[in-house]
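The values are calculated or read from the model by the stated rules, or taken from the named source; none is laboratory data. None of the values given here were measured: they were computed from a predicted structure. Don't worry about glycine lacking a Cβ; one is built from the backbone with ideal geometry, like all the others, and counts go over all protein chains shown.
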Amino acid sequence: MSTTEGGLRERKKRETRLALSQATIRLALAHGLENVSVEDIAAEANVSERTFRNYFSNKAEAVVANHVERGRRTAAALRARPADEPLWDALVHAVVEQFEPPGGTPPRPDDAYASALRALLATPAVQHEVFRAHATSQRELAAAVAERTGTEPEDLYPGTVAAVVGAGLGSALTHWTRDPRQSLVALLREVFDQIRTGMPAPSRNPPGRTLGASAEPGPTPRRETEGNP
């Protein structure tokens, strides 16, 4: 088999995997994952049930498949960034571009979609697969960070960087699922900017104070002199 043929075959596999994942998510959001069968998913994707089982061991794995693929794309995007670009800048670009909507403007989901999405992500089987996918993505990103920094994937530094990126991404996604009408890209940039600056504590006004208000002056302390009680 030529390299070209091998590349086409792999691309076809990725396309089929993605189509099955998208079909699973569509049906699960519409009917609930527990009410969707493998037969339903295969019919939606116009493939056989056997094809589904060749790619996934269960429905939850199919739901999370794009997360795994996105992790691979993120690692590849990091490797493709300019070598002289600061690491954190390169990481932010690599992550954010995976969530840039085609055409620049994402569709605005309604409340029913938001509720269905939260219910799907709260499914224990899906949460388990998300955990596994996160671990896989973190390993792949750590390997890419190691290549860029001249370290080993098993070293503390690349593993820590990948873990921080994963935590930031997870935080942004969790916040976004509460209201998918907000911009996920903007959330990601905000999270990564906070990490870049060392996570400074947000400014808060003391209870009963308004922003910019002056505190009531307290009593002027008496100057103590030698011999005073």
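Summary of computed values
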| quantity | calculated |
| --- | --- |
| Any chance residue 95 is part of a helix (DSSP H, G or I), under 18 Å from residue 185 (Cα atoms) and in the same structural domain as residue 185 (by TED's automatic domain parsing) | yes |
| Criterion violated by residue 27 - all others in (1) touching a residue at least 40 places away in the same chain (Cβ under 8 Å); (2) within 20 Å of residue 122 (Cα to Cα) satisfied | (1) |
| Options 73, 79; residue that is within 20 Å of residue 169 (Cβ to Cβ), without any contact (Cβ under 8 Å) to a residue 60 or more places away in the chain and assigned by TED's automatic domain parsing to the domain that holds residue 189 | 73 |
| Filter pass, residue 21 being without any contact (Cβ under 8 Å) to a residue 12 or more places away in the chain and closer than 21 Å to residue 125 by Cα | no |
| Candidate set: region 23-61, residues that are under 14 Å from residue 13 (Cα atoms) and aliphatic (A, V, I, L, M); chosen: the one surrounded by the most Cβ atoms within 10 Å (Cβ to Cβ) | 45 |
